[in-house]
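J.: What follows is a single structure, and I will ask about it in a moment.
The values are calculated or read from the model by the stated rules, or taken from the named source; none is laboratory data. Source: prediction; values computed, not measured. Counting neighbours? That spans all protein chains shown, and the Cβs are built from the backbone with ideal geometry, glycine included.
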Amino acid sequence: MFTNAKRIEEKTGRFGRGRFEYLQALVTEFQDTHKDESREQILANLANFAYDPINYDYLRQLNVTDLFIDMLTESNDKLIQFGIGGLCNLCLDKENRDIIIANDGLSLITNCLSSENEETVINAISTLYYLVCPETKSKIVIESIIGYMESYASSSNPRIANLAQIFLQDHCNKTSSR
């Protein structure tokens, strides 16, 4: 649910921990813990906070976009899943989009297209779809990504197939032969 500053203050009280401080504590906890299960849970929480635009400035100040990008190079499938999920939630914002592109996010997101984790693939397709704009189209609508989309357009998973078909239709002027 989208929030506004007044609602956040009502929930935390005048002397409670503010949203920025809470997010900062999550980031610090993520960096300090070495247990995979704890890191997965914290990253999932950060990805959920990335859904609400009121948090974008806080997350940028805390370099969470970079953290999500870094997770795409991990060997832990859950960290990759939550990293791409966080990027998917953030990428509609122009400033976040610019950070993703400037920090080699496109190639790392593209690598997620070959994941065996369905949620990772779904979020990768969605993120690439949302990142396409006049400035980025030539970097995203390329042969290798189109190949993945054409392959996924006939997937037995309807979520993946539908997303791939929409990508092809909206960004490539192609429809699948399905």
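J.: Return the total of residues in the range 114-131 being crowded, with 20+ Cβ neighbours inside 10 Å and not polar (S, T, N, Q).
T.: So the answer is 6.
J.: Restricting attention to the range 42-56, and to residues there that are surrounded by fewer than 23 Cβ atoms within 10 Å (Cβ to Cβ) and not in a helix (DSSP H, G or I), which single residue is farthest from the chain's Cα centre (by Cα)?
T.: D52
J.: From the set of residues in the range 79-119 that are in a loop (DSSP other than H, G, I, E, B) and within 13 Å of C133 (Cβ to Cβ), which is nearest to the chain's Cα centre (by Cα)?
T.: C91
J.: Let me ask you something else. Can you give me the number of residues within the range 57-78 that are hydroxyl-bearing (S, T, Y) and not in a helix (DSSP H, G or I)?
T.: Residues meeting the conditions: 2.
J.: Another question about this same structure. So which of K78, K94 is out of contact with any strand residue (DSSP E or B) (no Cβ under 9 Å at 6 or more places or on another chain), of a type in the set (D, E, K, R) and in contact (Cβ under 8 Å) with a residue 12 or more places away in the chain?
T.: Only one candidate qualifies: K78.
J.: For D170, work out the one condition from (1) more than 30 Å from E37 (Cβ to Cβ); (2) surrounded by 15 or more Cβ atoms within 10 Å (Cβ to Cβ); (3) at pLDDT 95 or above it doesn't fulfil.
T.: (2)
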